Every structure is written in C-alpha cells, then in structure tokens.
Amino acid sequence: MQRTVTTSEGPVTVPSPDHEWTVLFFITEPGIGERVPELGGCTTGLCSARDAAAGFARAGARVLGVSAHAPGHLAEFAAGRALGYPLIGDEDLSLGRELGVPEVHAEGRALFDRAGVVLDRTGTVRALIHPIPEPAQHAEQVLAELGRLTTA
C-alpha cells in the first residue's frame, strides 16, 4: 500500500519513503470530547506523540495523526497545539478501513476509535495498537511496540 494523502501541511506519501517506519495516530475527532465525553482525549493523545518526538526520531519513524475530519479544520487544530507533525483528514475513513482501524459511532456517524498503526516502508501493517484506554499513554504504547519491532 502506498498512497498520497491530504494533510494539514499538504500532500504526504504514506508510508514515508524516507523513514524506516510510518506511525499513524488515529483519533476520533478533535474537540468531540466536549460533546461526547466518553470519546474525549484526542488532544491529549496527539500531544503525547508531539512530546515523544525524539523517541520516534530515534526509531526512524515518521509520525502522522489521522482523524475522520476535514483537513482544513485539522490545520487550525495542529497549528494551535504546535504538534510538529501533519494531521490527515480521512473524511471517508478509507485509509483507516484499509488498515483495519476500529471504528466507533457517535452523533450519527462513524469515527475512528483511538488506535496506533505502524507501517513498514512497503506499507505493510506491522502493528495495530488498540485499545488505547488512556490518551496520555498513546505515544508510550506505540513506542513500546516500535521497540519490539526494531529488536525482533
């Protein structure tokens, strides 16, 4: 699998041809926790990836966030939180579905459940990390799996 996706910073190739790994942080929708509290934590999860940037760089991983939301709204969200990595707007959920990311239903529509996906350079899913019960631990769980993959 290789495709070009629209992100908050413009088009990006998934998986990254310049990195050993591409890590996708799937979230429901930025700000949904205000309306549906049980789905809250998107900002916390994405910021955990931002705060762990050095660990991902050491592992040779490109980090991307993914939401079932419009890319334009995501650009504002990413800039306001200085994430340091682009967010993919997967409005039709096609990328997440292709990768097997679990979904939840809220407000009459399908959204992604919180998950992490690790792709190798060929686009093969090497890990699907789910569930992520604690948003603050999202990056930690994905880094732990990356560590297992790089030592295997």
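Using +1 on the beta carbon of Lys and Arg, -1 on that of Asp and Glu, and nothing else charged, what's the dipole of the chain about the Cα centre, debye to 20? Mind dumping the intermediate values first?
Values: 12 positive and 19 negative charges, 77 e Å.
Here the chain has a charge dipole of around 360 debye.
What percent do you get for the relative contact order of segment 1-90 when only Cα pairs under 8 Å and 6+ apart count? Numbers along the way, then the final one.
Numbers: 150 pairs, mean separation 31.1, N = 90.
Relative contact order for segment 1-90 comes out at 35 percent.
Only residues of segment 44-62 count here: report those whose backbone N is under 17 Å from the spot 7 Å along Cα→Cβ of HIS73, or say none.
44, 46
Using the Karplus curve 6.51 cos²θ - 1.76 cosθ + 1.60 with θ = phi - 60°, what ³J(HN,Hα) values do you get for each residue of segment 46-62, in whole Hz, with x for Gly and Pro?
5, 5, 5, 5, 4, 6, 9, 3, 5, x, 5, 4, 4, 7, x, 10, 8
Can you match percent of Cα pairs over 18 Å apart to one of these, (i) 51; (ii) 56; (iii) 63, based on a calculation from the structure here?
Here the calculated entry is (i).
Taking the chain as a Gaussian network, Cα atoms linked when under 10 Å apart, which of GLY55, GLY123, GLY100 shows the biggest mean-square fluctuation?
For the chain, modelled as a Gaussian network with Cα springs under 10 Å, the answer is GLY100.
Which cross-chain or sequence-distant (5 or more) residues have an amide H under 5 Å from the amide H of GLY65, H modelled 1.01 Å from N in plane?
Here PHE25, LEU87, ILE88 satisfy the definition.
Just order 44-50, 135-141, 105-111, 29-35 by mean Cβ neighbour count inside 10 Å, highest at the front, would you?
On the way: 44-50: 20.9, 135-141: 19.0, 105-111: 11.7, 29-35: 16.4.
Ranked by mean Cβ neighbours within 10 Å, highest first: 44-50, 135-141, 29-35, 105-111.
Who wins for biggest fluctuation among ALA54, ALA68, ALA115 in a Gaussian network model of the chain, springs between alpha carbons below 10 Å?
ALA54
So in the chain, what percent of DSSP beta bridges are antiparallel if you round to the nearest 5?
Working: 20 of 30 bridges.
Approximately 65 percent, going by the DSSP bridge assignments.
Specify which residue in the list VAL5, LEU83, VAL142 is farthest towards the positive end of the charge dipole of the chain, using unit charges on the beta carbon of Lys, Arg (+1) and Asp, Glu (-1), about the Cα centre.
Farthest towards the positive end: VAL142.
What does the accessible area per residue of the chain come to in Å², with a 1.4 Å probe and no ligands, DNA or RNA counted?
Result: 45 Å² per residue.
When the helix-only estimate is applied to the chain (DSSP H runs of n ≥ 4, each -39,500 (n - 2.57), divided by the residue count), what is the mean residue ellipticity at 222 nm, nearest 500 deg cm²/dmol?
-8500 deg cm²/dmol
The values are calculated or read from the model by the stated rules, or taken from the named source; none is laboratory data. Please read all numbers here as calculations on a predicted model, not as lab measurements. Here the Cβ is made from the backbone with ideal geometry for all residues, glycine too, and neighbour counts use every protein chain on show. In case anyone asks, the SASA skips ligands and DNA or RNA and just uses the protein heavy atoms, side chains included. Shrake-Rupley method; radii C 1.70, N 1.55, O 1.52, S 1.80 Å.
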